[in-house]
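As structure tokens, the structure follows; a few thoughts come after it.
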Amino acid sequence: MNKLIEMKNVMKKYPMGKTDFVALENIDLKFSEGEFTGIVGPSGSGKTTILNIIGSLDSQSSGDVLVMGKQIAKLSNTKSARLRSQKIGFIFQTYNLLPVYTVFENVEFPLLLLNMSKEKRKILVNEALKWVGLTDKIKSKPAQLSGGECQRVAIARAIVKEPKLVLADEPTANLDAENSHNILKMMKKINEETGTTFIFATHDAKVIKYITRKITLLDGSIAQDEIVSGG
Amino acid sequence: MLKFLAKGLMRDRSRSFFPILIIAAGVVLTVLFYSWINGFIGMIISENARFETGHVKIVTRAYNELIDQKPYDLGLMNVDKKLNYLNQNYPNMNWQPRIYFGALLDVPDENGETLQQGEVMGLGVDLFSDNFERNLLNLENALASGELPQKQGEILLSQEVASKLKVKLGDNVTMIGSTMFGSIAMYNFIVSGTVRFGIQAMDRGAVIADISDVRSFLDMKNTASEIFGFLPNYKEEKTYAISKEYNEKFSYENDEFSDIMLPLREQGQMSFMLASVDQRTGIFIFFFLFIMSIVLWNSGLMNGIRRYGEVGVRLAIGESKGHIYRAMIIEAIIIGIVATIIGTAIGLVFSYLLQHYGINISSLMRDANVIMSSTMRARVTTECYFVGFIPGVIASVIGACFAGIGIYRRNTAQLFKELEQ
């Protein structure tokens, strides 16, 4: 499988008063296309920081990060925005849908940034909503949806542009068990059928059941990196 | 994309309706305050011009030295000749001779014995040649009872004087004073009416008679205390230009009885008062605009900061910082313009109402010595249509700009973190 992400000796420090807080240290990781990987660990272990760096929302203090052949640290604001808009989808714990827009419009938004025609946008949005089973809710606003439905819209928004990589930060943390399983099944299906790479930051045991690779972080360092069964 | 953003703007009341409400309210206050200040300055100028200064005024240099005492014995001679010259050389202006005098008003009983006496401040104006002075002094409207003098020998008393001295309409009164040459003077008048100007300094003790009667009373044939000049529309620069021209011809430093023409701003306390009013209103307007600008700048800033979360999502989805920043500024400009137009319209409605009806402040003016109307009015000028744009658009856009800078300064991940909170 093709290599998608490569992190070499990555370190991330945050200034904290007169000293620095080390969030990540000596991170060496490689991710290939089509992976369904979970980064697990307690709060503050550096899971979200890794996702932020991969997603070019943040940059490492030292080391190299290559995402789809691009050196993240060297990307300008515009170029990193372009990388995100074209190749990376995000799913958040709190869904973060834009509340004033309908389900259709929320899912359509990433496509607007790609200057796609209206017809093509319509086709892709409907397709994405079909994937998550929300074709009957296209005119609803986020406030009219349940938590599970909101997360499904967020997934549709993340996959609508057919990205190579989806980064999901605690996607099931706000959902009940049944909704969590449904969401995870859906993401697994997308991963298997489209080859989209999923990387999760989670400490939810339900997620761990579905992933095929588990990276355990502890105090900013990799404690374990193992292939697991992947439900 | 623009359509998408516009849709969001329309639907999100906290991004459109509330900011518009806050900015519009600020603009209403700004417009109202500005027109009110305009009205205040305009009132001072017009009221003083009507009663005290004209737009320009000609007096003798000697009279000017003691102008606060209104020394009519130092008044202008050969007034008819002067008026001819003025009317020929400044045909667009209206020239009016006036005599100000102090006298004792004696009210006799049926036997001709003194019943009441009181000091009055007299004003002799041309009541019969044309209606200019009647209109200028607004006598028709100021008339509280009776009628305006129809023939010579009739006089108007302020209502306060009439009631204090228990004078009735049609009563004979005697004015006692001294002539221009220092001898005792007496003159009988019939009270034709009473007036109330709403200007406390005038209402306290004024009497008004035709200038020919006053000339007879004070032995001031073809003379006047002052000649007032009125432009069709007051323009300060013009008053200075005319005064300069006139003084170059007729005013000599070594001749204390030569004429001197004084523009409104240069007369007595007016110079100091208007300079002080200009300065204070300038400071007021500056501070008011500054405060409004801070309020609206802050509103723009808060609106921007409140949306850092949304900015985080948009960045994550792939929108560039520059694009988000520009969209925020465009949004602020649109909101600022819409709110300013609404605020200006409402502010102008209130200002016009205030210009038309005014606010009665007579209770505050009871002991005032300055000539100032007891009804304060706003005055809408062209600037009132635009002044609201300073805090309404400029300040709120600057606020949004500052808030937007946060997008650049903050690490993207930090915005993202704020989004998650």
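Values computed for the structure shown
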{"item": "For region B:203-288, alpha-carbon Rg relative to the globular expectation (2.2 N^0.38 Å, N residues)", "result": "1.48"}
{"item": "Rg to Rh, two decimals, where the protein assembly as shown supplies the alpha carbon set and Rh follows Kirkwood", "result": "1.32"}
{"item": "Relative contact order (percent, whole number), region A:1-123, Cα cutoff 8 Å, 6+ residue spacing", "result": "23 percent"}
{"item": "Among B:VAL349, B:THR30, A:GLY38 - extreme Cα towards positive end, dipole of the protein assembly as shown, charges at beta-carbon", "result": "A:GLY38"}
{"item": "Size-normalised alpha-carbon gyration radius of chain B, reference 2.2 N^0.38 Å", "result": "1.40"}
{"item": "Rounded if a/c under 1.5, otherwise prolate or oblate - region A:175-231, Cα gyration tensor axes", "result": "oblate"}
{"item": "Region B:56-230 - charge dipole about Cα centre, Lys and Arg +1 at Cβ, Asp and Glu -1, debye rounded to 20", "result": "480 debye"}
{"item": "Antiparallel DSSP beta bridges within region A:3-227, as percent of all bridges there, nearest 5", "result": "55 percent"}
{"item": "Distance between region A:109-148 and region B:258-285 - C-alpha centres, whole angstrom", "result": "69 Å"}
{"item": "Bins of 10 Å, starting at 0 and running to the largest distance - Cα pair percent for region B:56-230", "result": "10, 39, 36, 13, 2, 0"}
{"item": "10 Å Cβ shell holding at most 10 others, DSSP loop, GluC sites (Glu not before Pro): longest site-free stretch of chain B", "result": "B:254-421"}
{"item": "Flagged links, alpha-carbon separation over 30 Å, of B:LYS151/B:LYS249; B:LYS81/B:LYS235; A:LYS79/A:LYS209; A:LYS137/A:LYS214", "result": "B:LYS151/B:LYS249; A:LYS79/A:LYS209; A:LYS137/A:LYS214"}
{"item": "Computed E for B:LYS164/B:ARG326 - FRET, C-beta separation, R0 60 angstrom, nearest 0.05", "result": "0.25"}
{"item": "Mean Cα-pair separation over length for chain B, i.e. relative contact order, pairs under 8 Å, 6 or more apart, %", "result": "27 percent"}
{"item": "Reachable aspartates and glutamates from B:LYS164, criterion Cα separation under 13 angstrom, eight or more residues apart if same chain", "result": "B:ASP106, B:GLU119, B:ASP203"}
{"item": "Rounded to 10°, Cα long-axis angle of helix B:236-250 versus longest principal axis of chain B", "result": "30 degrees"}
{"item": "Taking region B:56-230 and dividing mean pair separation by its residue count, relative contact order in percent (alpha carbons under 8 Å, at least six apart)", "result": "33 percent"}
{"item": "Cα-based reach from B:LYS3 at 13 Å (exclusive), listing aspartates and glutamates while leaving out same-chain residues under 8 positions away", "result": "A:GLU105, A:GLU108, B:GLU331"}
{"item": "Kirkwood-type radius of region B:251-340, with distances r between different C-alpha atoms, in Å", "result": "18.2 Å"}
{"item": "Proportion of all alpha-carbon pairs of region B:106-177 beyond 14 Å (%)", "result": "63 percent"}
{"item": "Tail fraction, Cα-Cα pairs, chain A, threshold 30 Å, whole percent", "result": "23 percent"}
{"item": "Global form of region B:23-114, assessed from the alpha-carbon gyration tensor, a/c cut-off 1.5", "result": "oblate"}
{"item": "3J(HN,Hα) from dihedral phi, region B:68-75, Karplus parametrisation 6.51/-1.76/1.60, rounded to Hz, x for glycine, proline", "result": "5, 8, 6, x, 5, 5, 9, x"}
{"item": "Separation between Cα centres of region A:1-60 and region B:379-399, rounded to whole Å", "result": "50 Å"}
{"item": "Derived scalar couplings ³J(HN,Hα) [region A:163-169; Karplus, 6.51 cos²θ - 1.76 cosθ + 1.60; whole Hz; x for Gly, Pro]", "result": "x, 7, 9, 10, 9, 10, 9"}
{"item": "Sequence-distant lysines (8 or more away, or on other chains) whose Cα lies within less than 23 Å of A:LYS18", "result": "B:LYS417"}
{"item": "Cα centroid of region B:18-89 to Cα centroid of region B:181-201, whole Å", "result": "24 Å"}
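None of the figures in this text is laboratory data; all of them are computed from the coordinates on show. Quantities reported herein were computed from a predicted structural model and do not represent experimental measurements. A quick note on method: Cβ atoms are made from the backbone with ideal geometry, for glycine too, and the neighbour counts reach across all protein chains shown.
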